[in-house]
1. For segment 88-107, state whether one or more residues are over 15 Å from the mean Cα position of the chain (by Cα) and at pLDDT below 95.
2. Which of (1) touching a strand residue (DSSP E or B) at 6+ places or on another chain (Cβ under 8 Å); (2) at pLDDT below 95; (3) among the polar types (S, T, N, Q) is the odd one out, the single condition residue 80 does not satisfy?
3. Just one of 85, 57 is over 15 Å from residue 149 (Cα atoms) and open to solvent by less than 40 Å² (accessible area, probe 1.4 Å); which is it?
4. Hey, residue 74 hits all of (1) under 14 Å from residue 55 (Cα atoms); (2) open to solvent by 20 Å² or more (accessible area, probe 1.4 Å); (3) among the polar types (S, T, N, Q) but one; which does it fall short on?
5. Which of the residues spanning segment 108-142 are of a type in the set (Gly, Ala, Ser), under 17 Å from the mean Cα position of the chain (by Cα), more than 23 Å from residue 18 (Cα to Cα) and assigned to a loop (DSSP other than H, G, I, E, B)?
6. Restricting to segment 86-136, give me the number of residues that are without any contact (Cβ under 8 Å) to a residue 12 or more places away in the chain and at positive phi.
7. So, residue 99, is that one within 26 Å of residue 128 (Cβ to Cβ), open to solvent by less than 10 Å² (accessible area, probe 1.4 Å) and either assigned to a loop (DSSP other than H, G, I, E, B) or out of contact with any Lys or Arg (no Cβ under 7 Å at 6 or more places or on another chain) (or both) or not?
8. Name the single residue, out of those in segment 20-51 being farther than 13 Å from residue 154 by Cβ and among the hydroxyl-bearing types (Ser, Thr, Tyr), that is most open to solvent (accessible area, probe 1.4 Å).
Amino acid sequence: MFSDEILQLSEKILHEAKSKNIKISCAESCTGGLVGAALTEIAGSSEIFNGSAVVYSNEAKNKILNVSREILKNFGAVSSECAVSMAEGARKIYNSHFAISLTGIAGPDGGSELKPVGTVWFGISSDKKESYAVKKIFSGDRAEIRGSAVKFALNKILEEMK
C-alpha cells in the first residue's frame with residue numbers, strides 16, 4: 001500500500017517514539033488519514049500512536065477539534081492558524097505528547113492565487129515547545145500532492161522527536 005520510503009520513515013518514528021516514550025496523534029484534512037494509515041502500517045504502532053482525526057469539512061474541524069469558527073471565517077481552513085488549532089485539538093483529544101496536522105488543497109480544483117493547488121499547512125503541537133505551522137507548496141497531481149504531504153509530515157515528526 002505504501003512505498004518503501006514511507007514504511008521506513010514510519011518504522012523510524014515507531015522506534016524513536018518508543019525509545020523516548022512519546023505518544024503521537026494526527027489531525028488530517030487533505031490527506032484523509034494517510035499519515036495515520038502509514039504509521040499504523042507498522043506492527044506495534046499502538047504503543048506510540050493514539051489516533052488521527054480526519055476532519056475534511058470545516059464543521060468537522062470545529063466540532064471535533066474545536067477549531068474556532070472565527071479562525072475558519074477569518075483565515076480559512078488552509079491557513080497557519082487553522083493548522084495550529086487542529087494540531088492542538090488533536091493533542092488534547094488524544095492525550096498525546098506530540099501532534100501534527102495537515103490542511104491543504106490537493107486539487108485538481110479549489111486553488112486560488114493566494115492559495116494555489118498544492119498548498120499544505122502543517123501544524124505542530126508538542127508538550128515541549130510552543131505550537132507552530134509550516135507551509136509547503138507541492139507540485140503534481142492530487143495523488144502526488146497528497147503523497148508529498150504524507151512524506152513531509154512523517155519527516156517532520158522524526159525531526160521534532162530528535
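The values are calculated or read from the model by the stated rules, or taken from the named source; none is laboratory data. Treat the numbers as computed from the prediction; the structure is a model and nothing was measured. Note: ideal-geometry Cβ built from the backbone for every residue, glycine included; neighbour counts use all protein chains shown. SASA here: full protein model, heavy atoms, side chains in, ligands and nucleic acids out. Shrake-Rupley method; radii C 1.70, N 1.55, O 1.52, S 1.80 Å.
1. yes
2. For residue 80, the exception is condition (2).
3. On the way: 57 fails: open to solvent by less than 40 Å² (accessible area, probe 1.4 Å).
When all the criteria are applied, what remains is 85.
4. (1)
5. From segment 108-142, those of a type in the set (Gly, Ala, Ser) are 110-112, 118, 123, 125-126, 131, 133, 139-140; that's our starting set.
Within this subset, residues satisfying the condition of being under 17 Å from the mean Cα position of the chain (by Cα) are 118, 123, 125-126, 131, 133.
Those left that are additionally more than 23 Å from residue 18 (Cα to Cα): 118, 133.
Within segment 108-142, 118 is the sole residue that qualifies.
6. Here the count works out to 1.
7. Working: within 26 Å of residue 128 (Cβ to Cβ): yes; open to solvent by less than 10 Å² (accessible area, probe 1.4 Å): yes; either assigned to a loop (DSSP other than H, G, I, E, B) or out of contact with any Lys or Arg (no Cβ under 7 Å at 6 or more places or on another chain) (or both): no.
Against the criterion (within 26 Å of residue 128 (Cβ to Cβ), open to solvent by less than 10 Å² (accessible area, probe 1.4 Å) and either assigned to a loop (DSSP other than H, G, I, E, B) or out of contact with any Lys or Arg (no Cβ under 7 Å at 6 or more places or on another chain) (or both)), residue 99 does not qualify.
8. Looking at residues that are farther than 13 Å from residue 154 by Cβ and among the hydroxyl-bearing types (Ser, Thr, Tyr), I get 46.
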